[in-house]
Amino acid sequence: MNDSRGFEAFLATRERLAGCLTEVGTVLGTVGGGGERAKQLGDARGNLVQDAFRLMVVGEFKRGKSTLVNSLLGKDVLPARVAPCTAIITEVRYAEQPHAVLHYNDSAKAPAVVGVDELRKYVVIEDGDDSDDDPSGRISQSPYSLMELHYPLPLCKNNVQIVDSPGLNEHKTRTKVALDFLSKADALVLVLSCQQALSQSELAFIDDQLGGRNLRHVFFIWNHFDAIVDSPDDIDDIRKRSKRYLEPRVGTNARIFYVSARTALVGKKNGDHAALERSGLVPFETALERFLATERGRVKLLTPLRMAETAVREAVTELIPRSEAMLAQPLDKLLKAYEEQRPRLEEVERQRERLLRSVERRRDALIREATASYQRFVSDAELGIRAEVAKVDVGTWDAIVSRRSANQQIAQHLQGWLDKRCKEWQDGDLARVFDSHAKDLEADIEAQSRDFLANVDDVRRALAPSVAVVDGEQDVSNANRVLAAVGGLFLGGVGSAIEGASTGFKGMLGGLALNTAVAVGLVVAGFGLPVVLPVLAAVGIARTVMGTKSTVDRMRAQVANNLIGELRKNAPDTAARITSQITEEFGKLQNSLDASLRIHIDEVAGQVQSILKEKQQGEAHMRNEQQRLAAARQSLVAAAKQLEAIRNEIDTPAEA
């Protein structure tokens, strides 16, 4: 797709593809055995036109995330202030009439519609509510899971959603809210600050939370550029930091921008084009539009395009010729062949059920091993914490001067150690577990797909012996042939295997394993690991005799015990969430396989039943059916030309 065409061109291409999906699905609905595939094409069309681009803005406290969102929108819509501000995820969507919709954590409650002028009441953290050890627990027990802000903003008009998230690394609960949403984002904007340079926690977020992802989907924004614009030395320092820390991770500096969100917002509000240009926002907006129209846009088009291409090709070369061959057979001969093949068709259905159960068994085995691996990590971490705490160098005088400071020093050291061990566990033992099960699952599905397709092809030959069954190219696996019926599995998420089965079944399973492993890593980071403040909250401050070495030893032991206690407390909930995450990811594979297997079965059983019905109703019905088949072939050939034109457009290499 040509980069210069922009997002509007992508929308036009998407509309034409949606039209092709409708047309092909309608035609297949008139052909016996085409009903299941027509249904899948209808579902694909619905997903295509309803699927939104989610642009998620993340960053630490005081980086200016909400101000950046407001600068994109050109209005002071979201509240922004010096204190931590955003408490829940806010999705900005297009609507002619401004309003906001609050979704409750309790899904049984109907969402509440509130006025935009009340927005601050729900997304702003009030003074005194931003501490992890706040006894009120107001933020931790927020009744809301999501706010949708509907507003007449041009950027959102073309089904783009802008997601403003709570600040990272300033509150455990709100950090978890942001991390949980990562896998749903199509693009990520990580907001940094020219005034705070680049913190270790920001680098840790890039490496730990985004390390398994494709950073081509991440935009880095150095905000507050106006604060250093008159200082060449500061500018040079920021650019050196980008070159040293960001470019090696991104692979190119095309995703790094230097922006003053406040200047851009003022420029848009006042119609001051010079200020807008000076702000540096325009190059970012241009790159973002190009990304939406090319890279992510191409991916969103490819899966339904492949589905339509496969449906047309197989209908023209196999489905319609088989129907014509069956119509040409004497009724008694076709009935006899059908009765002879009934046992094999029943076996095909049983094979479908066995294949799906094998995925469930592999899922359950993976859950057992992944949760066992997590339990081993927790046990090893407990032993390691007790050994590591002795290495924390806290002087007796430091303990005398400030017990809280000394406690914090111990807790931060142990937290850093624990974070590092967790990353090693994810990259080591957990990765090996997922890789092993992905290979076993590949072998299971490949073998069972071979038997399934062999039976299906035998039935096809028996019912329409004059039509050759296309076995496919030698390098196309049986599993690939099965999944081709629904265009492959789209795994989504930032940097995951975004083109699904286009790289083959093995590549798809690798994407599934990676996507699930990353998701499990986020679960552990969000639930399984304590952070400094909760650990310190349980550490007493008063009534300790100072001035002896034993005081420091007791402090070390107390912090270590609290950290271990947090790990143990979180372990059952984390294990349950690991189970839920694996189940969710494997459900995508199972649903895709089930849909594809049903298509293959319908194209055999449904087809012969449809032809038998027509033949039993007499010659006139048979002639009408022959005419419908001829018209269907003609319509599908025309659709194939339209699909080829769309393919030529989107196959132009995307932005480098």
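For this structure, a couple of remarks:
- Selection status of Arg357, in the same structural domain as Lys439 (by TED's automatic domain parsing), buried (at least 19 other Cβ atoms within 10 Å of the Cβ) and either within 30 Å of Val520 (Cα to Cα) or charged (D, E, K, R) (or both): no
- Criterion violated by Pro111 - all others in (1) over 24 Å from Phe284 (Cβ atoms); (2) modelled with pLDDT under 80; (3) surrounded by fewer than 17 Cβ atoms within 10 Å (Cβ to Cβ) satisfied: (2)
- Matching option when the condition is in contact with a strand residue (DSSP E or B) (Cβ under 8 Å, 6 or more places away or on another chain), surrounded by fewer than 20 Cβ atoms within 10 Å (Cβ to Cβ) and of a type in the set (Val, Ile, Thr), among Val316, Val250: Val250
- Screening Ile238 on (1) in a helix (DSSP H, G or I); (2) out of contact with any Cys (no Cβ under 7 Å at 6 or more places or on another chain); (3) hydrophobic (A, V, I, L, M, F, W, C) shows it passes everything except condition (2).
- Test: residue in region 617-639 that is closer than 21 Å to Lys39 by Cβ, within 35 Å of the chain's Cα centre (by Cα) and assigned by TED's automatic domain parsing to the domain that holds Val27: yes
- For Ser145, the requirement of being modelled with pLDDT of 75 or more and not in a loop (DSSP other than H, G, I, E, B) is met.
- Residue list for region 20-67, filter: over 21 Å from Asn159 (Cβ atoms), assigned to a helix (DSSP H, G or I) and among the hydrophobic types (A, V, I, L, M, F, W, C): Val24, Val27, Leu28, Ala38
- Filtered by the rule that a residue be over 19 Å from Ala274 (Cβ atoms), assigned to a helix (DSSP H, G or I) and among the polar types (S, T, N, Q), region 241-263 gives Ser242, Asn253.
- In this structure, Asp419 does not qualify as surrounded by fewer than 19 Cβ atoms within 10 Å (Cβ to Cβ), in a helix (DSSP H, G or I) and modelled with pLDDT of 90 or more.
- Residue pairs whose Cβ atoms lie under 8 Å apart, separated by 6 or more positions or on different chains, with the first residue in region 446-468 and assigned by TED's automatic domain parsing to the domain that holds Arg354 and the second among the acidic types (Asp, Glu) and part of a helix (DSSP H, G or I), are Asn455/Glu347; Arg460/Glu318; Ala462/Glu340; Val467/Glu318.
- Pairs with Cβ under 8 Å, 6+ apart, first in region 55-77 and farther than 20 Å from Arg290 by Cβ, second at pLDDT 85 or above and assigned to a loop (DSSP other than H, G, I, E, B): Gly64/His224
- Those residues of region 422-465 which are surrounded by fewer than 17 Cβ atoms within 10 Å (Cβ to Cβ) and hydrophobic (A, V, I, L, M, F, W, C), in sequence order: Ala443, Ala447, Ala454, Ala462
- Whichever residue in region 279-304 is under 17 Å from the mean Cα position of the chain (by Cα) and of a type in the set (Lys, Arg) and, among such residues, is nearest to Ile650 (Cα to Cα): Arg298
The values are calculated or read from the model by the stated rules, or taken from the named source; none is laboratory data. Note that this is a predicted model, so its numbers are computed, not measured. Note that we place each Cβ from the backbone using ideal geometry, even for glycine, and neighbour counts take in every protein chain shown.
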